[in-house]
Amino acid sequence: EGMEDDEKEEPEEEEKDDKMDEDAPRVELTAEEKKLIFRENPVPDLTSYALSTSFTKFSLPDRDEGFDELRFEWASQQKCKDYLRQWIQDKKTTTRIEDLTPGEWFANKWKEWQKTLQSWHAKQNAYKAAIAKQAQERPSKEARKAAAAAAREARAKAAAEAAAAAAEKAEGEGKPAEETPEQAAGKEEQEPDSDDEKVDFEKLDVFSVEDILNIGGGEPLFSSFGFEDWTMMSLRFEMHLLAHSFKRDVNDMDRMGIHVEHLGFYYNKYFKKALNHKFYGVDTIQELLEMTRDTVAVTRKGKVVEPQLPDDMESLGIFVMLTEEARRDRARRVDMGDETARLKLSQPQVPQA
């Protein structure tokens, strides 16, 4: 009976094994997972700093290094070389250079900009002071004009009366009338008005201006700049200078530019200050770069910041022109009811006395 019981139990165990095989889950890889060659470890072999400072030196083993035999199990030697080359290229785009040092070209351009910017501020202050002075002197000037006009009118009236008397006398004597001193005095030219030299500022084509410091009547192109405009112009130049300086300092054709994710890191390294996009009223660095798209642009493929202007211009006036054009466009949109056009920069705190 015991043997019969054992024989009865065996089919039940086989049925259980078959059922377990049927219920076993099957792993299905996604398309992205099928493309992976190497397994990603939860803990990296190298620290991010060690990797960023050494990955450009990575290479495949070679017979010249003394190996007896080399085997390439997963792919051919050439495919392995191509893979490593592309991996290093991608790493160069997405990995920041920890030990990068700003070069002399950057230092010179940065000093030049700061000096120029200071002179522009001084020019705007001088122009506004001159306008304020003219406004104060306008009543007395208008009074002098009125007095001069009255004097001219009196002289003209006297000249007309003298001319009539002379004509009557000449007619009686049968001689042609001569111009009297009073008539000559009536021909005096009016005092020129300095306001005639000013141009129609709002209709002016900013990119056709030859001298941004004097577009007419001593008025600079940046006469209407406020805090927002000066701030945005500085940001334009900083992004322009950073993009060009990075390419010069890395001196590597494989590094196309600064990756968007590392813009803040390099900005701090070059300008010794943090790039706070919240200060400009936006939520991301990409939104901040969209505000300066006339100066730098982000590539769609590699998300790399690229400059839109040449690296060595004769004049920095182009940044004034771009900022003035942006100010006008913003003002037009606000006048049309587009409140999104307003800048939302954080205003500087004025210390209370």
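The values are calculated or read from the model by the stated rules, or taken from the named source; none is laboratory data. Predicted model only: the values in this text are computed from it and were never measured. All Cβ positions, even for glycine, are placed from backbone atoms using ideal geometry, and neighbour counts span all protein chains on display. Ligands, DNA and RNA are excluded from the accessible area calculation, which covers all protein heavy atoms including side chains. Shrake-Rupley method; radii C 1.70, N 1.55, O 1.52, S 1.80 Å.
Measure out, as a whole number of angstrom, how far apart the alpha-carbon centroids of the stretch 198-259 and the stretch 79-151 sit.
Cα centres, the stretch 198-259 to the stretch 79-151: 6 Å.
Please list, ordered by chain and number, the residues whose modelled amide H lies under 5 Å from the amide H of Ala297; skip anything fewer than 5 residues away on the same chain.
Glu306, Gln308
Taking only protein heavy atoms and a 1.4 Å probe, what accessible area per residue, in Å², does the stretch 67-135 have with all protein chains in place?
Working: 4900 Å² over 69 residues.
For the stretch 67-135, the solvent-accessible area averages 71 Å² per residue.
Which listed residue (Val334, Leu309, Val320) has the Cα farthest towards the positive end of the charge dipole for the stretch 307-350, taking +1 on Lys and Arg C-beta and -1 on Asp and Glu C-beta about the Cα centre?
The listed residue farthest towards the positive side: Val334.
Report the local net charge at Phe58: Lys and Arg +1, Asp and Glu -1, summed over other residues whose C-beta lies under 11 Å from its C-beta. All intermediate terms of the calculation are to be shown ahead of the outcome.
On the way: positive: Lys57, Arg85, Lys91; negative: none.
Computed value for this residue: +3.
Could you work out what % of the accessible surface of the stretch 197-294 is carbon and sulfur, using a 1.4 angstrom probe and leaving DNA, RNA and ligands out of the count?
Working: 2140 of 4660 Å².
It is 46 percent, rounded to a whole number.
Would you kindly derive the ³J(HN,Hα) couplings of the stretch 314-323 from the backbone phi angles with the Karplus curve 6.51 cos²θ - 1.76 cosθ + 1.60 (θ = phi - 60°), listing them in order in whole Hz, with x for Gly and Pro?
Once θ is set to phi - 60°, the couplings for the stretch 314-323 become 5, 10, 8, x, 4, 6, 5, 4, 4, 5 Hz.
I need the calculated FRET efficiency for the pair Glu104 and Glu142, taking r as the beta carbon distance and R₀ as 56 Å, to the nearest 0.05.
0.50
How large is the accessible surface per residue of the stretch 217-353, computed with a 1.4 Å probe and reported in Å² as a whole number?
On the way: 7210 Å² over 137 residues.
Result: 53 Å² per residue.
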